[in-house]
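The values are calculated or read from the model by the stated rules, or taken from the named source; none is laboratory data. Quick caveat, the model's predicted, so the values are computed rather than measured. Protein only, heavy atoms only, side chains kept; ligands, DNA and RNA dropped before computing areas. Shrake-Rupley method; radii C 1.70, N 1.55, O 1.52, S 1.80 Å.
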Amino acid sequence: MNKDKIEGKVTRTVGTAKKKTGELLDDPALEAEGRDDEVAGRVQETAGAAKDAVDTVRRKVDKALDPDRA
């Protein structure tokens, strides 16, 4: 798990808390901010997952080209 995935989960969790708080307090602005944070967190998590996938492929290619480098 990389930094982007962790930060994305945190951002998404904070967004969920803001959204729920906005719902409880009947505060549409806070609710909308929470939804925005949730989306931003999901995007960041996805970017982190993509980086992990690219790194995995790179390591496999390196190993296939030079088995002693693994």
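Accessible surface of the chain, 1.4 Å probe: 58 percent of it comes from carbon and sulfur atoms. Distance between the C-alpha centers of segment 51-70 and segment 10-50? Whole Å please. When both Cα centres are located, 35 Å separates them.
On average, how much accessible surface per residue is there in the chain, in Å², for a 1.4 Å probe, leaving out ligands, DNA and RNA?
Working: 5100 Å² over 70 residues.
In whole numbers, the chain has 73 Å² accessible per residue.
The structure shown yields Cα extents along the principal axes in Å, and of the options [x] 30, 26, 20; [y] 25, 24, 22; [z] 61, 12, 10 that calculated value carries the label [z].
Along segment 22-39 the Karplus relation, 6.51 cos²θ - 1.76 cosθ + 1.60 evaluated at θ = phi - 60°, assigns HN-Hα couplings of x, 5, 5, 8, 6, 10, x, 5, 5, 4, 5, 4, x, 4, 4, 5, 4, 5 Hz to successive residues, with x for each Gly and Pro. Residues in segment 47-55 carry Karplus couplings, in order, of 4, x, 5, 5, 4, 4, 5, 5, 4 Hz; the curve used is 6.51 cos²θ - 1.76 cosθ + 1.60 with θ = phi - 60°, and Gly or Pro positions show x.
Give the lysines whose C-alpha is closer than 27 Å to that of Lys18, dropping any in the same chain fewer than 8 places away, or say none. Straight-line reach from Lys18, under 27 Å: Lys3, Lys5, Lys9. The sum of -39500 (n - 2.57) across all DSSP H runs of n ≥ 4, divided by the residue count of the chain, sets its helix-only mean residue ellipticity at 222 nm to -31000 deg cm²/dmol. Each residue of segment 2-17 was assigned a 3J(HN,Hα) from its phi angle through the Karplus curve 6.51 cos²θ - 1.76 cosθ + 1.60 (θ = phi - 60°); the sequence is 9, 4, 4, 5, 5, 4, x, 5, 5, 4, 5, 5, 4, x, 4, 5 Hz, with glycine and proline shown as x. The relative contact order of the chain comes to 36 percent, based on Cα pairs under 8 Å that sit 6 or more residues apart.
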